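Note sheet for the following structure.
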Amino acid sequence: MNNFDLHNHSIASDGLLTSSALIALAVNNGCDALALTDHDTTAGLVEAQKAADALNLRFIPGVEISVSWTPNADAKSTTLHIVGLGFDAENPVLAAGLNGIREGRTARARLMGDDFARIGMHGMFEAAYEFAENKSMIGRTHFARALVARGEVNGVGKAFNRYLTPGRPGFVTHRWASLGDALAWIMAAGGVAVMAHPGRYKLQKTEMTQLLGEFKDLGGRSIEVMTGSHSPPQFREYALRAKEFGFLASRGADYHGPGESHYEPGQVPLLPDDLTPVWSVL
Ligand code: AMP
Ligand code: MN
Ligand code: MN
Ligand code: MN
């Protein structure tokens, strides 16, 4: 019983599957437990829990919170993702916090559309909006899919190489939650805070050490080690970091949908034996 997959998306944020279809896929792939961790929303959790109950799969409520973090006052802000697991989704502190972050997304998406128009690509906001099932959760992935549909690029990964990232067309700086707020909301709701895919952040080694220290001081308990967003060298690097800081280790595909993710639910390599899994406290 160790095939836990604790990072996945549905159409409630930027995934392609309904939460029921995601649960069915997890069962098919032999998962022992699954967490749904949509960006900044818990809207998919009720349907997912029902689907999991019907198929006898253990389900863990989750969320992936967008955070802006700076190592010091002079540095540029980095966007981080903090996963919350095993919380009470009805908790008003968490719900209000998530509601606040979602509110900025539509305005941001309009500015992204303006930035595309600046280089002669018109109607991108409207095109991306069509791809967002949950309109309040419009994000960069929906723009990436719109770029693929228009034939500008031949895959969402390529869309993020040419557009949508700092310095490229379609990128708009945005202020998300603070690290302290995101952790406070998760803990207020009785959940465990996990640093999502630390290897993805463009930070110097010393900045990563600072970030992991701050995260721990603020109540963070776990980091993702085996994630679809890490390369094999990063699996090893963050296994060492988990030990260095005494973090519980998490594992998850970061699955978004067919053709868009390296791994399906349950298919990322298992956690190394010498780490303590985060599910030991869930
Ligand atoms: P947003 O929260 O709107 O900034 O969108 C962030 C999402 O964009 C991430 O959760 C990923 O799903 C997606 N994303 C970011 N960078 C990439 C990339 N290089 N390739 C594929 N998807 C990406
Ligand atoms: Mn995503
Ligand atoms: Mn993420
Ligand atoms: Mn994710």
request  = Please work out if Asn91 is away from ligand 1 (no atom under 16 Å from the Cβ), farther than 19 Å from Ala253 by Cβ and at pLDDT 95 or above.
outcome  = yes
Taking the range 155-174 and keeping residues over 19 Å from Arg105 (Cα atoms) and part of a helix (DSSP H, G or I) leaves Val156, Gly157, Lys158, Ala159, Asn161, Arg162
Please verify whether the range 233-243 includes one or more residues that are touching a Lys or Arg at 6+ places or on another chain (Cβ under 8 Å), free of Cβ contacts under 8 Å to residues at least 40 places away in the same chain and open to solvent by 20 Å² or more (accessible area, probe 1.4 Å). no
task = For Val172, state whether it is over 20 Å from Ser13 (Cα atoms), away from ligand 3 (no atom under 16 Å from the Cβ), touching a helix residue (DSSP H, G or I) at 6+ places or on another chain (Cβ under 6 Å) and open to solvent by 10 Å² or more (accessible area, probe 1.4 Å).
result = no
inquiry  = So, Ala117, is that one open to solvent by 40 Å² or more (accessible area, probe 1.4 Å), free of Cβ contacts under 8 Å to residues at least 24 places away in the same chain, more than 27 Å from Pro269 (Cβ to Cβ) and of a type in the set (A, V, I, L, M, F, W, C) or not?
reply    = no
Test Leu17 against the stated conditions and say whether it is in the same structural domain as Val225 (by TED's automatic domain parsing), within 15 Å of ligand 2 (Cβ to nearest atom), under 22 Å from Val278 (Cα atoms) and outside any strand (DSSP E or B).
-> no
For the range 120-154, the count of residues that are assigned to a loop (DSSP other than H, G, I, E, B), touching a residue at least 60 places away in the same chain (Cβ under 8 Å) and open to solvent by 20 Å² or more (accessible area, probe 1.4 Å) equals 2
Checked Val67, Val83 against criteria (within 16 Å of ligand 4 (Cβ to nearest atom), touching a helix residue (DSSP H, G or I) at 6+ places or on another chain (Cβ under 6 Å) and hydrophobic (A, V, I, L, M, F, W, C)); the one match is Val67
Can you confirm whether Pro277 is in the same structural domain as Gly86 (by TED's automatic domain parsing), open to solvent by 70 Å² or more (accessible area, probe 1.4 Å) and either of a type in the set (Ser, Thr, Tyr) or modelled with pLDDT of 95 or more (or both)?
no
Checked pairs for the range 183-199, first assigned by TED's automatic domain parsing to the domain that holds Ile60, second among the basic types (Lys, Arg) and more than 16 Å from ligand 4 (Cβ to nearest atom), C-beta under 8 Å and 6 or more apart or across chains, list as Val192/Arg221; Ala193/Arg221; Val194/Arg221; Pro198/Arg241
Next item on the list: Would you be able to say whether some residue in the range 43-58 is open to solvent by 50 Å² or more (accessible area, probe 1.4 Å), in a loop (DSSP other than H, G, I, E, B) and closer than 20 Å to His262 by Cβ?
Entry: no
Within the range 175-208, restricting to residues that are open to solvent by 60 Å² or more (accessible area, probe 1.4 Å) and either closer than 19 Å to Leu248 by Cβ or part of a helix (DSSP H, G or I) (or both), the one that is farthest from ligand 2 (Cβ to nearest atom) is Thr206
All-but-one check, Ser19 against (1) touching a Ser or Thr at 6+ places or on another chain (Cβ under 9 Å); (2) open to solvent by 10 Å² or more (accessible area, probe 1.4 Å); (3) without any contact (Cβ under 8 Å) to a residue 60 or more places away in the chain, failing number (2)
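The values are calculated or read from the model by the stated rules, or taken from the named source; none is laboratory data. As the structure is a computational prediction, the values presented were derived from the model and not from experiment. Using ideal geometry, Cβ is built from the backbone for each residue, glycine included, and neighbour counts are taken over all protein chains shown. In case anyone asks, the SASA skips ligands and DNA or RNA and just uses the protein heavy atoms, side chains included. Shrake-Rupley method; radii C 1.70, N 1.55, O 1.52, S 1.80 Å.
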